[in-house]
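**Q** Handing you this structure, nothing more for now.
The values are calculated or read from the model by the stated rules, or taken from the named source; none is laboratory data. Bear in mind the structure is a predicted one, so any value in this text is a computation, not a measurement. Cβ: placed from backbone, ideal geometry, glycine included. Neighbour counts: every protein chain shown.
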Amino acid sequence: MTSFVDVPECGNMAARWSSENVVVEFRDAQATAMSVDCLGQHAVLSGRRFLYVVNLETPSEAPRKISRQSKWDVGTVQWNPHKTEAHLFAASSNQRVDLYVWRDGSGEPHNSLQGHTRVISDLDWSWFEPEFLVTSSVDTYIYIWDTRDTRKPTVALSAVAGASQVKWNKRNHYCLASSHDGDVRIWDKRKPNTAVEYVAAHLSKIHGLDWHPDNEYILATSSQDNSVRFWDYRQPRKYLDILSCQVPVWKARYTPFSNGLVTVMVPQLRRENSLLLWSTLELNSPVHAFVGHDDVVLEFQWRPQKEGSKDCQLVTLSRDQTLRIWRVDPQLQKLCCANDITEELMEGLSLTTETEKTLRSQGAEPSLSPGLTAENSQDQLEGPWSGLMSSGKNDILGLPQTLQQEFSLVNLQIRNVNVEMDAVNRSCFVSADCGANRVRLVVKFPAQYPNNAAPSFQFVPPTNISSSMKTKIQKILTDTSLQKVKRNQNCLEPCVRQLVSCLESDMVPWFISHGP
């Protein structure tokens with residue numbers, strides 16, 4: 001049975017169904033943090049009096065306990081991400097970090113790291129060097145520790161302001177990022193005296209940082225200002241993209257499958273859902289909501305996939321004191337464009353062809369992709385497409401799509417917007433109506449597009465918006481297209497969506513003067 005719930009608005013959000021596999025209650029644990037080991041065998045939950053180690057293969061069995069000798073709650077707990085050190089985890093408590101060893105079904109304290117003079121806000125193991133751990137604190141210092149010699153940190157980064165988050169880069173073992181209120185500093189551990197880059201990311205506090213799993217320059221920041229922003233720190237003045245919500249975002253992290261993002265919102269009411277899955281290629285609405293927890297999700301982590309399995313598992317801990325394991329099957333992953341790209345592109349083409357056949361049978365002119373018809377699609381594919389299809393998925397990933405491909409796959413089912421595309425003449429005609437605002441726009445694509453060559457945008461009659469509004473839209477469309485083509489990415493869909501956003505934002509004063 002499919003059950004629906006209310007979820008907080010975040011774009012055009014719809015109710016989603018519950019798909020968890022396992023629910024385990026820890027009513028007396030008072031757990032505040034959780035981590036899943038790199039083998040996917042155990043989760044550790046940090047309670048006030050005990051650390052609870054849950055066997056994820058048999059989660060309903062009673063967890064093993066490790067007694068804690070501290071009056072302070074655990075702030076952050078994290079297993080070492082390296083298989084050679086999979087038995088080791090770290091837990092921060094007030095001003096110190098305790099290291100624990102877990103072997104043969106039992107655990108014990110191993111060592112502690114003491115150097116901070118104020119409470120520790122975050123910790124993170126290096127993805128490259130199993131012995132290295134970084135900690136951040138309100139005391140303005142970020143310390144890098146070598147667990148083979150715990151007497152003092154090996155590197156001290158002085159940030160002037162206290163840090164709330166610190167994260168190692170997943171692709172560059174010298175690089176890390178820290179957040180300070182609404183700002184992000186990028187560090188090279190070989191140059192500890194000063195940050196190598198500074199990003200004024202948000203006007204409100206940053207609650208979460210996450211590096212992109214494949215690109216060493218890109219990271220996501222989630223903030224109290226109700227947004228997630230995506231950055232290339234080499235261009236720190238302008239974010240790459242933004243996910244706008246109506247509630248603060250505590251955490252936003254990339255998925256282990258491509259182009260996915262999971263966020264934890266702060267629900268305004270307990271019955272609202274806060275755990276959402278997005279495609280970073282389409283941030284207007286989530287592709288799935290994980291429905292089941294009765295309170296805020298405190299932590300979520302991915303369990304490594306078993307050999308041969310295509311399913312992913314998301315493990316979550318909530319303030320309702322339940323741990324849940326959610327199955328994320330290939331169909332759900334595919335909504336984030338995670339599956340075989342060749343297969344997806346072929347599906348997109350066949351859908352386009354079928355759509356146009358249907359339109360012709362009804363005597364209608366096709367509007368989705370006029371340049372591609374059932375009769376000529378094969379001929380047109382015998383250029384760039386035939387090479388791509390024969391050479392496999394990796395080549396597709398490495399090459400920009402042709403304009404024909406972009407037109408055939410673009411998703412522009414937007415209310416009050418019509419886009420007529422002409423691949424042969426490398427242009428399209430965009431019509432958008434929003435209240436009294438009417439825009440007609442001709443978009444022309446140069447031959448090199450999208451290889452660092454942006455299209456041009458020209459307003460044509462009967463456009464009736466003011467010249468200042470035209471200037472504003474022209475600048476936004478130009479900036480958006482340039483951001484995309486610099487990375488050899490298609491820009492038509494994001495540009496059209498930006499156009500609609502501009503028109504809708506301009507509607508407020510119109511409604512005030514004219515009424516609905």
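**Q** With the structure loaded, tell me whether D214 is part of a strand (DSSP E or B) and surrounded by fewer than 24 Cβ atoms within 10 Å (Cβ to Cβ) or whether it fails that test. Let's see the steps before the verdict.
**A** Working: part of a strand (DSSP E or B): no; surrounded by fewer than 24 Cβ atoms within 10 Å (Cβ to Cβ): yes.
Judged against the criteria, D214 is not a match.
**Q** If we scan the range 415-424, do we find a residue that is within 32 Å of the chain's Cα centre (by Cα), within 15 Å of C502 (Cβ to Cβ) and surrounded by fewer than 20 Cβ atoms within 10 Å (Cβ to Cβ)?
**A** yes
**Q** Taking the residues in the range 401-446 that are of a type outside the set (K, R) and free of Cβ contacts under 8 Å to residues at least 12 places away in the same chain as candidates, determine which candidate is nearest to E282 (Cα to Cα). Before the answer, list the steps.
**A** Narrowing the range 401-446 to residues of a type outside the set (K, R): 401-414, 416-425, 427-437, 439, 441-443, 445-446.
Checking which are free of Cβ contacts under 8 Å to residues at least 12 places away in the same chain leaves us with 413, 425.
Details: Q413: 13, N425: 27 Å.
Taking the candidates together, the pick is Q413.
**Q** Is there any pair with a first residue in the range 98-123 that is part of a loop (DSSP other than H, G, I, E, B) and a second that is aliphatic (A, V, I, L, M) and buried (at least 16 other Cβ atoms within 10 Å of the Cβ) whose Cβ atoms are under 6 Å apart and which are 6 or more apart or on different chains, and what are they?
**A** Pairs found: R118/V138; V119/V138.
**Q** Of the residues that sit in the range 84-119 and are of a type in the set (A, V, I, L, M, F, W, C) and buried (at least 21 other Cβ atoms within 10 Å of the Cβ), which one is farthest from Y141 (Cα to Cα)? Show your work before the answer.
**A** Of the residues in the range 84-119, the ones of a type in the set (A, V, I, L, M, F, W, C) are 86, 88-91, 97, 99, 101-102, 113, 119.
Narrowing the set further to residues that are buried (at least 21 other Cβ atoms within 10 Å of the Cβ) leaves 88-91, 97, 102, 113.
Working: L88: 24, F89: 22, A90: 19, A91: 18, V97: 15, W102: 30, L113: 14 Å.
Checked the range 84-119; the qualifying residue farthest from Y141 (Cα to Cα) is W102.
**Q** If you don't mind, another one. Select from the range 29-73 the residues that are assigned to a loop (DSSP other than H, G, I, E, B), surrounded by fewer than 13 Cβ atoms within 10 Å (Cβ to Cβ) and either out of contact with any strand residue (DSSP E or B) (no Cβ under 8 Å at 6 or more places or on another chain) or polar (S, T, N, Q) (or both) and list them in ascending order.
**A** E57, T58, S60, A62, Q69, K71
**Q** Let me ask something else. Name the residue, out of A436, A447, that is of a type in the set (G, A, S) and touching a His at 6+ places or on another chain (Cβ under 8 Å).
**A** Numbers: A447 fails: touching a His at 6+ places or on another chain (Cβ under 8 Å).
Step by step, each of A436, A447 is checked, and only A436 is of a type in the set (G, A, S) and touching a His at 6+ places or on another chain (Cβ under 8 Å).
**Q** Shifting gears a bit: Output the number of the condition that W510 fails; it satisfies all remaining conditions of (1) modelled with pLDDT of 90 or more; (2) over 27 Å from the mean Cα position of the chain (by Cα).
**A** (1)
**Q** Hey, another quick one. Specify the residue that is nearest to the chain's Cα centre (by Cα); the eligible residues are those in the range 277-307 that are more than 27 Å from E57 (Cβ to Cβ) and surrounded by fewer than 18 Cβ atoms within 10 Å (Cβ to Cβ).
**A** L281
Per-residue answers, yes or no, for (1) polar (S, T, N, Q); (2) touching a His at 6+ places or on another chain (Cβ under 8 Å); (3) at pLDDT below 95:
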| site | (1), (2), (3) |
| --- | --- |
| E131 | no, no, no |
| V138 | no, no, yes |
| D149 | no, no, yes |
| A159 | no, yes, yes |
| S178 | yes, no, no |
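**Q** Suppose we keep only residues that are outside any strand (DSSP E or B) and touching a strand residue (DSSP E or B) at 6+ places or on another chain (Cβ under 9 Å) within the range 74-83. Which one would you say is surrounded by the fewest Cβ atoms within 10 Å (Cβ to Cβ)?
**A** Selected residue: H82.
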